[in-house]
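Enquirer: Would you mind keeping the following structure in view while I ask a few things?
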């Protein structure tokens, strides 16, 4: 880790807040392919590549995308680091509708939170500074879920009154009897 920079991993989320652990201080060795949030003054930093192979963290919901590609994770909601729809608040927001997988760019990290941890939260807002994270808040999902048939036809916002069959609700298959 470069001098003047700390690297943080996301170890969990509860009550609409992310748990960020800045466990990689300056001059520490970061395991390969570890997704990080960096905290430091805005400037250009240099770093050295090491041949040492420290153990990767047991839990880190930030995932690195070295070459880019589709986000990965089982039963997860996926978030990308970006500004909100008004281009005002920096944070992690759904990269696709309903938190579905999306294409992540090369050299980028994304957040893959298990659905049980994310609780359908659409975004986690950072505190607005580019030098760190002191408080994280959430943007609740108050919109009704869209219901789709298996052929992709939007059926409304509720499974009530639909004929028996399988539908897609919030990216999951739901059986209506």
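Enquirer: For the range 14-27, which positions are in contact with a strand residue (DSSP E or B) (Cβ under 6 Å, 6 or more places away or on another chain) and part of a strand (DSSP E or B)?
Expert: 18, 19, 20, 21, 22, 24
Enquirer: Looking only at the range 155-177, count every residue that is surrounded by 10 or more Cβ atoms within 10 Å (Cβ to Cβ) and farther than 22 Å from residue 76 by Cβ and tell me the total.
Expert: Total meeting the criteria: 8.
Enquirer: Let me ask another. Just to be sure I understand the filter: pairs with C-beta atoms under 7 Å, separated by 6 or more residues or on different chains, first member in the range 13-38 and on the phi > 0 side of the Ramachandran plot, second member modelled with pLDDT under 85 and part of a loop (DSSP other than H, G, I, E, B). Which pairs pass?
Expert: That search, which allows pairs on different chains as well, returns 16/121; 33/66.
Enquirer: Still on this structure, please answer the following. Do you know which residues across the range 80-96 are closer than 24 Å to residue 32 by Cβ and not in a strand (DSSP E or B)?
Expert: Listed by number, the list holds a single entry, 95.
Here is a yes/no grid of residues against (1) closer than 30 Å to residue 152 by Cβ; (2) in a loop (DSSP other than H, G, I, E, B):
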| position | (1), (2) |
| --- | --- |
| 12 | no, no |
| 29 | no, yes |
| 39 | no, no |
| 55 | no, yes |
| 73 | yes, yes |
| 78 | yes, no |
| 98 | yes, no |
| 112 | yes, no |
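Enquirer: Another question, then. Just name the residue that is nearest to residue 146 (Cα to Cα) out of those in the range 114-132 that are at pLDDT below 80 and outside any loop (DSSP other than H, G, I, E, B).
Expert: By that ranking, first place goes to 123.
The values are calculated or read from the model by the stated rules, or taken from the named source; none is laboratory data. Keep in mind it's a predicted model, so treat the numbers as computed, not measured. Methodologically, a virtual Cβ is constructed for each residue, glycine included, from the backbone with ideal geometry; neighbour enumeration extends over all protein chains shown.
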